[in-house]
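Notes follow once the structure below has been shown.
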Amino acid sequence: MSDVECWLAAHEAEAVETLKDFCRIPSVSTDPAYRDGIGAAAGFAADRLREAGFPLVEIVPTGGHPCVLAEWCAVPGAPTVLVYGHYDVQPPDPMDRWASPPFEPVIRDDRLYARGVSDDKGPLMIPILVARAFAEVRGGLPLNLKVIVEGEEESGSPHFAPTVERLKERLACDLVVSADGAMWRADLPSVTVASRGMAALEVTLTGAAKDLHSGRHGGSAPNPIRALIRMLATLHDADGNVTVPGFADAALPPDPAIGAAIRAAAFDAGRYFDDIGAPRPDPLPSGTELLTRQWLVPTLEFNGISGGYAGAGTKTVIPSSASAKITCRLIAGQDPAKVTDAIARHLESAMPSGYRLEVRRHGPGSTAFALDPGLPALKIAEDILGTLLGAPPLRVAMGATIPIGDVFARHLGVNVIFFSFSTSDEDYHAPNEFFRLSSFRTGLVAWARLLERLAERPA
């Protein structure tokens, strides 16, 4: 162990308490009721960066929730690395599914449970704590380091790209290393080299100008719930494939290397359905087929539907409107705006007469991301993970969306590698989110080694 790694091991208990304090802050970005938590979390991140030794730390207005920007560039000629993470978290609902309160962190079986601990407060704290270790032991960092911490990642990052564009001179770097992301499985080392893009929209179908009594008007007045359900059903075929004309016309063929990784993963389809608590379908698809769907096939999913009365008991009403929330995960070549336009055209063509349709996009969306497979920094990260985890990591894709790959490539002209120590089974975005403390410990060592290795040559 290096001197920095020894310091980190000796201060592990303190580091865990710091992470607990961070997780106590309810920094839900999508719900205005948590506005105070957003400010508190941004302040907490800024204070920890100052404590780590960063000479310049600033809370930057964005037009939405602020970013935290830190700079420590004191090594002439050394590479400059920009670390990305986010301090905002998902809503904790449903509250009754939590075994312990979501903002009161507790440790059970060497796991720390709290909302946001895996996504992304635990992984974000790791490079900040490592920077502090270098400062305490060696008086400074081996390279030039910048950090940007976002506050809107869990609500679509509506202000992040414009902020990066505005600050591109201050954020100039040789490489971005993301503390956000996740390893695919706890028992299989992996690095993420691709992720799907996203388009989000809400469709609202309106019939009458007001809710109507279902006895007086039933059978004659338009019912938006009935009509919307029929319209939505036309978006997929019986096997769940998207049937929207133009939806995937621009999609590009996947990287063959990712197909090879899918085959090498030996994914257990039966176990997958068992783990998510769903009955196994008959016939059971192969593991290769499931992973291909999750990583390489564009999707259109219904995330919520509303209209009329949904409370206890019954209410005899024909609603004036019904709505559905939709998100699409996109692959390389698909443009979020064109995908949304294609869906809107399809729904308009499927809409019966006597209704009005409104389609509203949520943010600009993001394109799919793919990393240069020959990037030297990727090989460095793989070497470190292979040494620490005992096996060469598998290069994998991610079915989810992390927009930063496209943002940093477009505005800074640099690559992004993902170096997060969350794993996809840690229930982020769900009740009982947790972070393995073993991963926390491994991450501290890995980040210390990563900064030293990146300092040896350009990223």
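So which of Lys146/Lys379; Lys20/Lys379; Lys121/Lys146 end up more than 24 Å apart, counting from Cα to Cα?
Working: Lys146/Lys379 22 Å; Lys20/Lys379 33 Å; Lys121/Lys146 18 Å.
Exceeds cut-off: Lys20/Lys379.
Rg then Dmax, both in Å and based on the Cα atoms of region 173-252: 22.2, 69. Here the contact order of region 97-253, divided by its residue count and restricted to Cα pairs under 8 Å and six or more residues apart, works out to 11 percent. Over the C-alpha trace of region 132-270, radius of gyration and Dmax come out as 24.8, 80 angstrom.
Can you tell me which of 389-402, 150-163 comes out highest on packing, and rank the rest after it, using the mean Cβ neighbours within 10 Å?
Working: 389-402: 18.8, 150-163: 22.2.
In descending order of packing, they fall as 150-163, 389-402.
Pair-distance distribution P(r) for region 1-92, from all Cα-Cα distances in 5 Å bins starting at 0: 2, 12, 18, 20, 19, 14, 8, 5, 2, 0 percent.
When the Cα positions of Leu371, Asn432, Ala400 are compared along the charge dipole of region 343-459, Leu371 comes out farthest toward the positive end, with charges on each C-beta of Lys, Arg, Asp and Glu. Accessible area per residue for the chain, computed on protein heavy atoms with a 1.4 Å probe, is 44 Å².
Within the chain, antiparallel bridges make up roughly 70 percent of the DSSP beta bridges whose residues both belong there. In a simple Cβ point-charge model (Lys, Arg +1; Asp, Glu -1; nothing else charged), the chain has a dipole of about 1020 debye relative to its Cα centre.
Packing, taken as the mean count of other beta carbons within 10 Å per residue, orders the peptides 27-39, 194-206 from highest to lowest as 194-206, 27-39. With the simple model of a label 7 Å out from the Cα in the direction of the Cβ, Asp425 to Arg216 spans 5.8 nm. Placing +1 on each Lys and Arg Cβ and -1 on each Asp and Glu Cβ, with no other charges, gives region 305-369 a dipole about its Cα centre of roughly 140 debye. Annotation for region 321-342 versus region 370-413: alpha-carbon center distance of 26 Å. For Leu394, nonlocal amide neighbours, meaning residues 5 or more places apart or on other chains whose placed amide H falls under 5 Å from its own, are Ser190, Val191.
For the peptides 280-286, 104-110, the ranking by mean Cβ contacts within 10 Å, running from highest to lowest, is 104-110, 280-286. This model, with +1 at the C-beta of Lys and Arg and -1 at the C-beta of Asp and Glu, gives region 142-208 a dipole about its Cα centre of some 180 debye.
If you filter region 222-326 for trypsin sites (Lys or Arg not before Pro), then keep DSSP loop positions with at most 16 other Cβ within 10 Å, what is left? Please list the in-between numbers first.
Values: sites: Arg226, Arg230, Arg263, Arg271, Arg293, Lys315, Lys325; in loops: Lys315.
Loop-located and lightly packed - Lys315.
Sorted largest first, the principal axis extents computed over the alpha-carbon atoms of region 66-180 equal 53, 37, 17 Å. Relative to one another, the C-alpha centroids of region 33-56 and region 120-185 are positioned 13 Å apart.
Based on the convex hull around the alpha carbon atoms, the chain presents an average projected area of 23.3 nm². Classified by the C-alpha gyration tensor, region 329-459 has a prolate form. Its axis ratio a/c, with a ≥ b ≥ c, is 1.5 or above, and a/b is larger than b/c. The Kirkwood hydrodynamic radius of region 204-321, based on inverse pair distances between different Cα atoms, is 18.1 Å.
Dimensions of region 112-156 along the principal axes, based on C-alpha atoms and rounded to the nearest Å, stand at 37, 25, 10, largest first.
Do you know the relative contact order of the chain, to the nearest whole percent, from alpha carbon pairs under 8 angstrom that are 6+ apart?
Values: 924 pairs, mean separation 117.0, N = 459.
Averaging sequence separation for qualifying contacts and normalising by length gives 25 percent for the chain.
Which whole-number percent gives the relative contact order of region 323-380, counting Cα pairs below 8 Å spaced six or more residues apart? Mind dumping the intermediate values first?
Values: 24 pairs, mean separation 28.5, N = 58.
Over region 323-380, the number comes to 49 percent.
To the nearest whole percent, what portion of all C-alpha pairs in region 30-72 is separated by more than 15 angstrom? Pairs farther apart than 15 Å: 43 percent. Mean residue ellipticity, 222 nm, helices only, the chain: the sum of -39500 (n - 2.57) across DSSP H runs of n ≥ 4, divided by residue count and rounded to 500, is -10500 deg cm²/dmol.
Which is farthest toward the positive dipole end of the chain among Phe160, Ala381, Ile262, measuring Cα position about the Cα centre, with Cβ charges +1 (Lys, Arg) and -1 (Asp, Glu)? So the residue furthest toward the plus end is Phe160.
The values are calculated or read from the model by the stated rules, or taken from the named source; none is laboratory data. These numbers were taken from a predicted model, which means no experiment stands behind them. Positions of Cβ are backbone-derived with ideal geometry, glycine not excepted, and every protein chain shown enters the neighbour counts. Accessible surface is based on the protein model in full, side chains and every heavy atom, while ligands, DNA and RNA are left aside. Shrake-Rupley method; radii C 1.70, N 1.55, O 1.52, S 1.80 Å.
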